[in-house]
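Data first, discussion second: the structure below is written as structure tokens.
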Amino acid sequence: MILQLFPVWALLLSLLAFFVPGPFTSLSAGIVPLLTVIMLSMGLTLTAKDFANVAKSRKALVVGVILQFLIMPVAAWLTAKLFGFDAELTVGMLLVGSVAGGTSSNVMCYLAKGDTALSISMTATSTIIGVFLTPVLVSLLAGQSIDVPVQPMLLALVKVVLVPVILGVVLNELASKWVRKIDMIFPYVSMVAILLIIAIVVALNAGTIASVGLIVACAVVLHNAIGLCLGYGVTALLGFDRKICRTIAFEVGLQNSGLATALAMKFFTPVSALPGTLFSVWHNISGSLLAGYWSRKPLGDLTDDSTPERRVSETV
């Protein structure tokens, strides 16, 4: 229940940070370490077997990852243009669109009776690929008007994403019995970390939110809707069954917005982190609503070969 109420906690903490920003702005240096903790927690829930599943559902996984890094970056750029965003907000939208899928997609996929093994494999694969692809995509779409530090961003992604995830996987392989004894705390650790990141960014942008918060929220809702709709629609047109279509819809539409927020804070400005912050709240709401709806819609006689619930009880 505590994890399911993540959007509520995020909203309440955001309101507190908005009206009482002082205690949270002093924690701004903790954003990157908090993100490292989130990625380590993710790595601890993965095993080498998850990456081996890539071969099992190769076609669906390849299509899903391509859609992930095609639909969301382009949709972010178009949305930013549609709303007339300045350079700061545009780069924030591009960061949200160009990062890997969020781990909350695994939870939503499980609830929606999707292919959870495929979801986990896609999240792991896009996370690794995103380390190298995210800076390139942001740079290409941002144009010459925005200076994107590609190499420093790449190095930061290696340190903040790749190393913690690999370390988590290795620890899980070498000490799986010990990890399983404490794996129930990983979702809560991740949730607290992302809530703190959201609160810090809200506090740093308290003045800006009052003036542009609503329009950025509308852009984020549209961006998320495009990802969910096209993720499902394109895979359906390609002939995949509904179970895989649901899975890829979540993988495409739900982003690692905590990473986008951290990158915005490290390489750009607090204003650039605003889209990622609002996306973190909204995609959990939209994902939960869609998962609840799909959970009541039958899939026919499809066999659910998902991994156990323990494997997907992460948040954000």
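The values are calculated or read from the model by the stated rules, or taken from the named source; none is laboratory data. Nothing here was measured: the structure is a model prediction, and the numbers come from that model. Because the Cβ atoms are built from the backbone with ideal geometry, glycine has one as well, and the counts that use them run over all protein chains shown. For accessibility, only protein heavy atoms count, side chains too; no ligands or nucleic acids. Shrake-Rupley method; radii C 1.70, N 1.55, O 1.52, S 1.80 Å.
Computed quantities for the displayed model
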read-out: Condition met for V63 (open to solvent by less than 40 Å² (accessible area, probe 1.4 Å), farther than 26 Å from L196 by Cα and assigned to a helix (DSSP H, G or I)); value: yes
read-out: Cross-chain or 6+ apart pairs with Cβ under 7 Å, the range 92-110 first and touching a residue at least 60 places away in the same chain (Cβ under 8 Å) and more than 15 Å from T247 (Cα to Cα), then of a type in the set (F, W, Y) and assigned to a helix (DSSP H, G or I); value: V96/F279
read-out: The listed residue being without any contact (Cβ under 8 Å) to a residue 40 or more places away in the chain and over 16 Å from the mean Cα position of the chain (by Cα), out of V131, V148, V136; value: V136
read-out: Failed condition for V216, given (1) open to solvent by 40 Å² or more (accessible area, probe 1.4 Å); (2) of a type outside the set (S, T, Y); (3) closer than 23 Å to S139 by Cβ; value: (1)
read-out: Selection count, the range 101-119, where residues are at pLDDT 80 or above, assigned to a loop (DSSP other than H, G, I, E, B) and under 18 Å from S280 (Cβ atoms); value: 0
read-out: Enumeration of residues in the range 69-93 that are under 30 Å from A236 (Cα atoms) and either in contact with a strand residue (DSSP E or B) (Cβ under 6 Å, 6 or more places away or on another chain) or not in a helix (DSSP H, G or I) (or both); value: F83
read-out: Wholly within the range 127-203, helices (runs of 4 or more DSSP H) carrying at least 3 residues that are touching a helix residue (DSSP H, G or I) at 6+ places or on another chain (Cβ under 7 Å); value: 150-157, 163-174
read-out: Filtered residue count, the range 273-316, keeping only those that are at pLDDT 85 or above, buried (at least 24 other Cβ atoms within 10 Å of the Cβ) and either among the aromatic types (F, W, Y) or on the phi > 0 side of the Ramachandran plot (or both); value: 1
read-out: Which numbered condition G114 misses (of (1) open to solvent by 10 Å² or more (accessible area, probe 1.4 Å); (2) closer than 12 Å to T247 by Cβ); value: (1)
read-out: Any hit, the range 136-158, residues being crowded, with 21+ Cβ neighbours inside 10 Å, within 23 Å of E88 (Cα to Cα) and of a type in the set (S, T, Y); value: no
read-out: Every pair of residues 6+ apart whose Cβ atoms lie under 7 Å, when the first sits in the range 196-223 and is more than 22 Å from V99 (Cα to Cα) while the second is assigned to a helix (DSSP H, G or I) and modelled with pLDDT under 85; value: L204/S28; I209/V202
read-out: The range 44-57: number of residues that are modelled with pLDDT under 80 and in a helix (DSSP H, G or I); value: 9
read-out: D241, sole failed condition from (1) at pLDDT below 90; (2) over 24 Å from V65 (Cβ atoms); (3) out of contact with any helix residue (DSSP H, G or I) (no Cβ under 8 Å at 6 or more places or on another chain); value: (2)
read-out: Residue in the range 212-233 that is of a type in the set (F, W, Y) and not in a helix (DSSP H, G or I) present; value: no
read-out: Residue that is most open to solvent (accessible area, probe 1.4 Å) [pool: residues in the range 247-272 that are hydroxyl-bearing (S, T, Y) and at pLDDT below 90]; value: T269
read-out: Residue within the range 85-100 that is at pLDDT below 80, among the β-branched types (V, I, T), under 13 Å from the mean Cα position of the chain (by Cα) and buried (at least 24 other Cβ atoms within 10 Å of the Cβ) present; value: no
read-out: Top-ranked residue in the range 1-43 [being under 25 Å from S176 (Cβ atoms) and open to solvent by 40 Å² or more (accessible area, probe 1.4 Å); ranked as modelled with the lowest pLDDT]; value: L3
